[in-house]
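K.L.:
One structure coming up, written as structure tokens, with questions to follow.
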Amino acid sequence: MRKKLYIKTYGCQMNVYDSARMAELLAPLGYRPSDTPDDADMILLNTCHIREKAAEKVYSELGRLRAVQDDKAARGGRTLIAVAGCVAQAEGEEILARAPQVDLVVGPQTYHRLPELIAQAERLGPGRGVIDTEFPADEKFDALPEERMTDGPAAFLSIQEGCDKFCTFCVVPYTRGAEFSRPAADVLAEARRLVAQGAREITLLGQNVNAYHGAAPDGRGEWGLGRLVRELADIEGLARIRYTTSHPRDVDDELIAAHRDVPQLMPYLHLPVQSGSDRILHAMNRGHTADAFRRIVDRLREARPDIAMASDFIVGFPGETEADHAATLDLVGRVGFAHAYAFKYSPRPGTPASAHDDHVPEAVKGERLAGLQQLLAAQQQAMNHRTVGRRLPVLLERRGKLPGQLVGRSPFMQSVHVSAPERLLGHMVDVDITHAHPSSLHGTIATAIWESGEVTQERAAV
Ligand code: SAH
Ligand code: SF4
Ligand code: F3S
């Protein structure tokens, strides 16, 4: 029987990847993805616990979903509600206490067991939540279906999970567990399958993706991320490789060399630094100074001069002074970022920083956030303006909001909008950039290809 599955994904790209894998896992049970929760047989919230706001969103959504469940029940049906992801892992039982209509709670390391858990929930009937938030030893990837439904031209591939860094503000080591790298042979096989299904770009994912140390295919030793990237670049038809999110401490010589030598490795790197103050970096347990971060960026730029840097920042970490904040602004000014996220520090249950007694007042956090965001926005806009007049390769990934419009990414991760026929979807084209907006670019497809009427395979492989 065909059943409707509605998935809502919060948080980072790992969750986006996990949601796709859960949809694949549920397909043999008859579940087909749907765009709305209305009339769904199963609703799956894949949740994020990183900041308080992210976690609270889940509860308000669960409140709204009651109506959907009641509607279906009035017609004699049942909507199963599953909570997956990091809130599930962190709060487990508490979710059932706060939202008793939830049928199952499943963690990021146990979602491969969803089919059994669903069967269990169906047997038990409403109001009897089933929970599975264990950390079983490395069995998830072996249990997931090999075949991937295609993500389209730009696909995600999880290669590393978990984190052992224990930054004092962060819940990830608790929600995702200990660091684990998939064997290189498995990663290469999944990448080949994705490319065979039409992926032209693969983004390698991990909480600390450059801590990757997967078993080598010949069973002798381990490969780091740099080595893995080199081998992936040999896959015919794979035009672009990206990876996210990385940690400054794990940027090694091999990875920097890959940025120099592998043209498929895109010149864009998201490398969170969090703060420019050494005192705060130390209190955060980041394990690097502001200068060390700058030296890494310098070396990356030596290797790949056009590399666009992106980052994450936290303002208002406990004890942060005006001088500390000024040091962050100074670092931003010196490095120059193409893109960055800035967040107000949010105390998270169970993390060491949440126990400090020198929390920064909300109003101060707000001011610091606004100042930092203004500087980062100006840098992003300047970066976007510098591309006007240039011809950039763009992988057209999806339809735009306007009719006849397609959207893709530049090598530097900028969204690029062009007028183009549908048949160019999934192709790499050259685009002359004509306009820069605060967070996107507009351009026209370079005439040589446009007028030839067809994009040849060779051209599309550039
Ligand atoms: N693994 C990555 C980032 C994971 S979380 C890294 O090591 O940097 C994504 C971002 O959320 C972090 O980079 C950080 O900027 C932000 N973040 C994490 N915990 C937070 C908290 N308690 N309050 C505010 N922002 C937080
Ligand atoms: Fe969190 Fe730090 Fe691990 Fe990143 S490195 S996931 S910020 S603990
Ligand atoms: Fe959020 Fe979990 Fe990702 S807490 S940021 S969904 S690893």
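The values are calculated or read from the model by the stated rules, or taken from the named source; none is laboratory data. Small disclaimer: the values here were computed from a predicted structure and weren't measured. Here the Cβ is made from the backbone with ideal geometry for all residues, glycine too, and neighbour counts use every protein chain on show.
K.L.:
Tell me whether the stretch 299-312 contains one or more residues that are among the hydrophobic types (A, V, I, L, M, F, W, C), farther than 28 Å from Q264 by Cα and either in contact (Cβ under 8 Å) with a residue 40 or more places away in the chain or more than 16 Å from ligand 2 (Cβ to nearest atom) (or both).
P.N.:
Residues of the stretch 299-312 that are among the hydrophobic types (A, V, I, L, M, F, W, C), as a first pass: 300, 303, 307-310.
Remaining after also requiring farther than 28 Å from Q264 by Cα: none.
Looking for residues that are among the hydrophobic types (A, V, I, L, M, F, W, C), farther than 28 Å from Q264 by Cα and either in contact (Cβ under 8 Å) with a residue 40 or more places away in the chain or more than 16 Å from ligand 2 (Cβ to nearest atom) (or both), one finds none in the stretch 299-312, hence no.
The rows are residues; the columns are (1) buried (at least 23 other Cβ atoms within 10 Å of the Cβ); (2) hydrophobic (A, V, I, L, M, F, W, C).
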| position | (1), (2) |
| --- | --- |
| T168 | no, no |
| P173 | no, no |
| A191 | no, yes |
| Q197 | no, no |
| R200 | no, no |
| V209 | yes, yes |
| Y212 | yes, no |
| P217 | no, no |
| Y243 | yes, no |
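K.L.:
How many of the residues making up the stretch 100-130 are basic (K, R) and in a helix (DSSP H, G or I)?
P.N.:
First pass over the stretch 100-130, keeping only residues basic (K, R): 113, 123, 128.
Add one more test, that the residue is in a helix (DSSP H, G or I), and what stays is 113, 123.
Residues that pass the stated criteria total 2.
K.L.:
Just checking, how many residues over the stretch 8-51 are within 16 Å of ligand 2 (Cβ to nearest atom) and at positive phi?
P.N.:
1
K.L.:
Restricting attention to the stretch 302-337, report how many residues are of a type in the set (D, E, K, R) and surrounded by 15 or more Cβ atoms within 10 Å (Cβ to Cβ). Reasoning before the result, please.
P.N.:
Narrowing the stretch 302-337 to residues of a type in the set (D, E, K, R): 302, 304, 306, 312, 320, 322, 324, 330, 334.
Filter again for surrounded by 15 or more Cβ atoms within 10 Å (Cβ to Cβ), leaving 304, 320, 324.
Result for the stretch 302-337: 3.
K.L.:
Report whether or not G77 is more than 19 Å from K8 (Cα to Cα), without any contact (Cβ under 8 Å) to a residue 24 or more places away in the chain and surrounded by fewer than 18 Cβ atoms within 10 Å (Cβ to Cβ).
P.N.:
Numbers: more than 19 Å from K8 (Cα to Cα): yes; without any contact (Cβ under 8 Å) to a residue 24 or more places away in the chain: no; surrounded by fewer than 18 Cβ atoms within 10 Å (Cβ to Cβ): yes.
For G77, the condition - more than 19 Å from K8 (Cα to Cα), without any contact (Cβ under 8 Å) to a residue 24 or more places away in the chain and surrounded by fewer than 18 Cβ atoms within 10 Å (Cβ to Cβ) - is not met.
K.L.:
Further question on the same structure: Mind checking which helices (runs of 4 or more DSSP H) fall wholly inside the stretch 355-462 and carry at least 2 residues that are surrounded by fewer than 18 Cβ atoms within 10 Å (Cβ to Cβ) and at pLDDT below 95?
P.N.:
447-452, 457-460
K.L.:
Being within 16 Å of ligand 2 (Cβ to nearest atom), not polar (S, T, N, Q) and not in a helix (DSSP H, G or I) narrows it down to one residue among F156, F169; which is it? Break it down stepwise before answering.
P.N.:
Details: F156 fails: within 16 Å of ligand 2 (Cβ to nearest atom).
Testing whether each residue is within 16 Å of ligand 2 (Cβ to nearest atom), not polar (S, T, N, Q) and not in a helix (DSSP H, G or I) leaves just F169.
K.L.:
For the stretch 212-225, state whether one or more residues are away from ligand 3 (no atom under 16 Å from the Cβ), modelled with pLDDT of 95 or more and among the basic types (K, R).
P.N.:
Taking every residue of the stretch 212-225 in turn, none turns out to be away from ligand 3 (no atom under 16 Å from the Cβ), modelled with pLDDT of 95 or more and among the basic types (K, R).
K.L.:
If the requirement is being farther than 19 Å from Q160 by Cβ and over 22 Å from the mean Cα position of the chain (by Cα), which of these qualifies: A308, A239, A290? Can you show your working first?
P.N.:
Details: A308 fails: over 22 Å from the mean Cα position of the chain (by Cα); A239 fails: over 22 Å from the mean Cα position of the chain (by Cα).
So the residue among A308, A239, A290 that is farther than 19 Å from Q160 by Cβ and over 22 Å from the mean Cα position of the chain (by Cα) is A290.
K.L.:
Shifting gears a bit: When you scan the stretch 128-146, do you find a residue that is at pLDDT 90 or above, buried (at least 17 other Cβ atoms within 10 Å of the Cβ) and away from ligand 3 (no atom under 16 Å from the Cβ), even just one? Please lay out each step first, then the result.
P.N.:
Quick first cut of the stretch 128-146, residues at pLDDT 90 or above only: none.
The answer is no, given that none of the residues of the stretch 128-146 is at pLDDT 90 or above, buried (at least 17 other Cβ atoms within 10 Å of the Cβ) and away from ligand 3 (no atom under 16 Å from the Cβ).
K.L.:
If a residue has to be of a type outside the set (A, V, I, L, M, F, W, C) and touching a strand residue (DSSP E or B) at 6+ places or on another chain (Cβ under 7 Å) to count, how many in the stretch 109-138 make the cut? Outline the logic, then answer.
P.N.:
Step one: filter the stretch 109-138 for residues of a type outside the set (A, V, I, L, M, F, W, C), giving 109-113, 115-116, 120, 122-123, 125-129, 132-134, 136, 138.
In the following step, the residues that additionally are touching a strand residue (DSSP E or B) at 6+ places or on another chain (Cβ under 7 Å) were identified as 110-111, 113, 120, 129, 132-133, 138.
Total satisfying the criteria: 8.
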